[in-house]
Amino acid sequence: MNDIGPIISAQSLVKRYGTMTAVNSVDFHVNPGECFGLLGPNGAGKSSIIRMLSGVSPVTAGRLTVLGLDASAQSREVKWRIGVVPQEDNLDPDFRVRKNLEVHARYFGIPRAVARERALQALDVVQLRDRQESRVDTLSGGMKRRLMIARALMNDPPLLVLDEPTTGLDPQSRHLLWDKLHALKRQGVTILLTTHYMEEAAQLCDRMVIMDHGHILVEGRPNELVKKHAGDEVVEIRPRPGHHEPVRDHISSLGVESQDGGDTVYVYAAAGQLANDLAGTEADVTRRTANLEDVFLRLTGRELRDE
Amino acid sequence: MSSIFTGIAATQGVGSPSSPLGLALVMRVWLRHRDAFLRVWHTEATGILGEPVFALAAFGAGLGFYLKTIEGVEYSSFVAPGLVAGYAMFGATFETTFGAYMRMMNHRTFESILATPITIRELVLGEIVWGATRAALSAGGMLAIAAAYGFVSEPTAALMFPFAFLIGLAFASISLTVVSLVPAMSTLNTYFTLFIAPMFFLSGTFFPIDNLPTFFKGYAQVLPLTHGTRVIRGFATGDFSADMIWATLILLAYIAVFAPLAIILMRRRIVK
């Protein structure tokens, strides 16, 4: 099929709903075999991008190709080739587990015998074969999510798109799901996912973008982004009640990069020296290794997003 | 590109994204509904065959005992085809109002289907054809019980069955248009109160509409069930008239207007 060139390519991609601009001219590409992350707070434009590249939402402007196909003009072909795992459960409650997969395969015109065999193998992949005759409403949240992944595999897609695959799952289910996604990646499946969990992005993604308000803020490998935008260490300073002003003044006099998070001030880099400088001030000081969450919060701010 | 499957399952390039005229894709949606129906066939069959037993006992044998003939036939033979047409309407309408709304909003089945090569057009047409299938099943159940009671005996009565499918296409098209517009499931009740229920009472199901007050008579003339009933009753008595052709054309006009409208409005509702 499309062995050369990117699996997904977005150029000056725009999505508008009426007068509201959800995606404001973004550029990114996803290479074959890669796991690519779309990160950003609510309303950043992640879901709009997912919907466009899944062929269910037309592109407003710019260019978006998936497996070399135009995501708007050739949406049917795109949908035929890729696998999509939506955020919310939309398994068919009228059918049992295996039948859900077989009915899905039929929409793709996959012959019945092939569909049956694929359903069993896909259930093996997500460790649900022994539940093949269960009603879907008897499955746990984690099982449902795994079943949705199995369903997305039925058309043997070279690209799997997952919208917040582990939201709402317990740690055991989440880790099992990560293992499954790693295994699929090893088999050559390209993965694009959105997530709110920085640990998940760091675990799974080779490359990622952090978005906000329809724009891409940064793009890169998780560890590079941490190094570049948060440094090695972060110092969290919590002034004691009544001592906010002097502590803050003291920090700004040190000339370090800090971010005000309400009750806590975050300082990136130069941790060893800073801990000495803050000795004696009326504040609790915690020193820790910088992570992706620091990058995220530093770039997108700490205000609540309630959209 | 390697496959994640092995053996027969790994067959590359199986299936096809589209088909000539998209008819096969419409049928894939229809097959989903058929399978869901067959999974609970025993409950469905109880409804399809059980209700006519009581409805025909009440109106045919019960009420029919007190009434003499209407338009030259016994009341039981008059009302039976009326109920066949009425049940065709209900069969299609329940499936494509509450059923379709549940699939669209509560179960997100539309969303999952639209993530596959199926588009809105084929999804809506699949719903309409399935609604018509339900109409034929409901009408067929009524027809079978009416025949068992001896209320219909003309061989032409068998034609009611395919015609009920046509009535179903009309009502399913109208229902899906309504579903594409309603803000909540409860709004569908209004559709039943203002359109479906009056239609059942005013479309010549239980008595000829010729002697209704002028307003209601005029209203009845625009209701699709009036025309469905006229043709179904013609098949029951074997009295074919030019009226039946007109009535058929009017039903076809309903389909021609509302099926495309349902597709357009559903696309507007779903594709953002």
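The values are calculated or read from the model by the stated rules, or taken from the named source; none is laboratory data. These figures come from a predicted structure and were not determined experimentally. Heads up, the Cβs are rebuilt from the backbone with ideal geometry, glycines too, and the neighbour counts pull from every protein chain shown.
Annotations
Residue-wise test of (1) under 30 Å from B:Gly126 (Cβ atoms); (2) surrounded by fewer than 18 Cβ atoms within 10 Å (Cβ to Cβ).
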site	(1), (2)
A:Ile7	no, no
A:Ser25	no, yes
A:Ile50	yes, no
A:Val59	yes, no
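- Considering A:Arg145, A:Arg151, A:Arg240, the condition of being touching a residue at least 40 places away in the same chain (Cβ under 8 Å) and closer than 20 Å to A:Leu53 by Cβ is satisfied by A:Arg151 alone.
- A:Val30 vs. criteria buried (at least 17 other Cβ atoms within 10 Å of the Cβ) and farther than 14 Å from A:Met208 by Cα: no
- Of all residues making up region B:105-126, the number that are surrounded by 23 or more Cβ atoms within 10 Å (Cβ to Cβ) and touching a Phe, Trp or Tyr at 6+ places or on another chain (Cβ under 8 Å): 5
- Counting only helices (runs of 4 or more DSSP H) that fall entirely inside region A:36-127 and contain at least 3 residues that are under 21 Å from B:Ala9 (Cα atoms) and facing chain B (nearest Cβ under 8 Å), the qualifying elements are A:75-81, A:97-107, A:112-125.
- Residue match in region A:191-214 (condition: within 14 Å of chain B (Cβ to nearest Cβ) and buried (at least 18 other Cβ atoms within 10 Å of the Cβ)): yes
- On the stretch given as region A:97-130, residues that are in contact (Cβ under 8 Å) with a residue 12 or more places away in the chain, basic (Lys, Arg) and buried (at least 20 other Cβ atoms within 10 Å of the Cβ) total 2.
- Condition met for B:Leu143 (buried (at least 24 other Cβ atoms within 10 Å of the Cβ), over 24 Å from B:Trp246 (Cα atoms) and modelled with pLDDT of 95 or more): no
- Test set (1) under 22 Å from the mean Cα position of the chain (by Cα); (2) away from every other protein chain (no Cβ under 13 Å); (3) surrounded by 14 or more Cβ atoms within 10 Å (Cβ to Cβ) - B:Arg39 fails condition number: (2)
- Residues of region A:132-142 satisfying the condition of being out of contact with any strand residue (DSSP E or B) (no Cβ under 9 Å at 6 or more places or on another chain) and either in contact (Cβ under 8 Å) with a residue 24 or more places away in the chain or within 8 Å of another protein chain (Cβ to nearest Cβ) (or both): A:Asp137, A:Leu139, A:Ser140, A:Gly141, A:Gly142
- In region A:261-269 there is no residue that is without any contact (Cβ under 8 Å) to a residue 24 or more places away in the chain and within 22 Å of A:Gly301 (Cα to Cα).
- Of the numbered criteria (1) farther than 30 Å from B:Val271 by Cβ; (2) modelled with pLDDT of 95 or more, the one B:Leu49 fails is (2).
- Residue ranges of helices (runs of 4 or more DSSP H) in region A:213-307 with at least 1 members more than 33 Å from the chain's Cα centre (by Cα): A:244-253, A:271-277
- When A:His175, A:His182 are checked against the criterion of being in a helix (DSSP H, G or I) and without any contact (Cβ under 8 Å) to a residue 12 or more places away in the chain, A:His175 stands alone in meeting it.
- Top-ranked residue in region B:14-36 [being more than 8 Å from every other protein chain (Cβ to nearest Cβ) and free of Cβ contacts under 8 Å to residues at least 40 places away in the same chain; ranked as nearest to A:Pro93 (Cα to Cα)]: B:Leu23
- Scan region A:21-35 for residues that are within 12 Å of chain B (Cβ to nearest Cβ) and either modelled with pLDDT under 95 or part of a loop (DSSP other than H, G, I, E, B) (or both) and the total you get is 2.
- Meets criteria (of a type in the set (Val, Ile, Thr) and under 22 Å from B:His42 (Cα atoms)) for B:Val152: no
- Long-range neighbours under 6 Å by Cβ, at least six apart or interchain, first residue modelled with pLDDT under 95 and outside any helix (DSSP H, G or I) within region B:70-99, second of a type in the set (A, V, I, L, M, F, W, C) and buried (at least 21 other Cβ atoms within 10 Å of the Cβ): B:Ile70/B:Phe78
- The residues of region B:196-214 that are among the polar types (S, T, N, Q) and within 18 Å of the chain's Cα centre (by Cα), listed by number, are B:Ser203, B:Thr205.
- Qualifying residues in region B:197-235 (those that are in contact with a Ser or Thr (Cβ under 7 Å, 6 or more places away or on another chain) and hydroxyl-bearing (Ser, Thr, Tyr)) - the one farthest from B:Val79 (Cα to Cα): B:Thr226
- Qualifying positions in region B:254-272 - within 16 Å of B:Ile113 (Cα to Cα) and either of a type in the set (A, V, I, L, M, F, W, C) or surrounded by 16 or more Cβ atoms within 10 Å (Cβ to Cβ) (or both): B:Ile263, B:Met266, B:Ile270, B:Val271
- The selection criterion, being in a helix (DSSP H, G or I), more than 30 Å from B:Gly22 (Cβ to Cβ), touching a Leu at 6+ places or on another chain (Cβ under 9 Å) and away from chain A (no Cβ under 14 Å), holds for B:Ala158.
- Residue in region B:49-66 that is farther than 30 Å from A:Val126 by Cβ, within 14 Å of chain A (Cβ to nearest Cβ), without any contact (Cβ under 8 Å) to a residue 60 or more places away in the chain and more than 18 Å from the chain's Cα centre (by Cα) present: no
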